1. Could you please find all residues in region 24-73 being of a type in the set (D, E) and either over 21 Å from H14 (Cβ atoms) or within 16 Å of the chain's Cα centre (by Cα) (or both)?
2. Pull up region 33-92, narrow it to residues that are part of a loop (DSSP other than H, G, I, E, B) and touching a Gly at 6+ places or on another chain (Cβ under 9 Å), then point me to the one that is least open to solvent (accessible area, probe 1.4 Å).
3. Under the condition of being open to solvent by 100 Å² or more (accessible area, probe 1.4 Å) and either under 26 Å from K80 (Cα atoms) or more than 25 Å from the chain's Cα centre (by Cα) (or both), which residue from region 151-168 is modelled with the lowest pLDDT?
4. Within region 16-64, which residues are touching a Pro at 6+ places or on another chain (Cβ under 6 Å) and aromatic (F, W, Y)?
Amino acid sequence: MLTRKIKLWDINAHITCRLCEGYLIDATTVTECLHTFCRSCLVKYLEENNTCPTCRIVIHQSHPLQYIGHDRTMQDIVYKLVPGLQEGDLKSEDTANKEAGDEKAEEDNDYHRSDEQVSICLECNSSKLRGLKRKWIRCSAQATVLHLKKFIAKKLNLTSFNEPANVS
């Protein structure tokens, strides 16, 4: 598998609010044009305007707040890319950018343990699944069944995660 490192400042434009220029907090997307902002910034902006701050498309003439929605996926991405932001112990942006640009390997650091964790028992009722060494796995509460199927397929070197794998 080919991997490449991407520096945080290369994607900052995609994970920052264009209104406050900070990292997205409570990411909220305009349903009409899919531009994303901090919820508080967007709500404050829409008190005086009915257009998107980025593209100026009219969101709604009289009720623009009804045409914005929480963007959980974008917020999860921001929290994973910017360690410490969710807990509020974020260092200054310059310090974060300097550390993100550091070429030193950070594989030993585990920044994703701040989310809720669940333990799952894997019971095998297929001969293909007998190769699992551990009966229990611990993963994020946000993991889906599809994530688990892919994980099991990878561990068992299955050609496709669509092969029968009844996980209960």
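The values are calculated or read from the model by the stated rules, or taken from the named source; none is laboratory data. These numbers come from a predicted model, not from an experiment. Because the Cβ atoms are built from the backbone with ideal geometry, glycine has one as well, and the counts that use them run over all protein chains shown. Protein only, heavy atoms only, side chains kept; ligands, DNA and RNA dropped before computing areas. Shrake-Rupley method; radii C 1.70, N 1.55, O 1.52, S 1.80 Å.
1. Residues of region 24-73 that are of a type in the set (D, E), as a first pass: 26, 32, 47-48, 71.
The answer is D26, E47, E48, D71.
2. If we filter region 33-92 for residues that are part of a loop (DSSP other than H, G, I, E, B), which is where we start, we get 33-35, 47-50, 52-57, 59-63, 71, 82-92.
Applying the additional criterion that residues be touching a Gly at 6+ places or on another chain (Cβ under 9 Å) yields 90-91.
Details: L90: 61, K91: 112 Å².
Result: L90.
3. Residues of region 151-168 that are open to solvent by 100 Å² or more (accessible area, probe 1.4 Å), as a first pass: 154-155, 157, 159, 162.
In the following step, the residues that additionally are either under 26 Å from K80 (Cα atoms) or more than 25 Å from the chain's Cα centre (by Cα) (or both) were identified as 154-155, 157, 159.
On the way: K154: 79, K155: 76, N157: 77, T159: 70.
My answer is T159.
4. Y45
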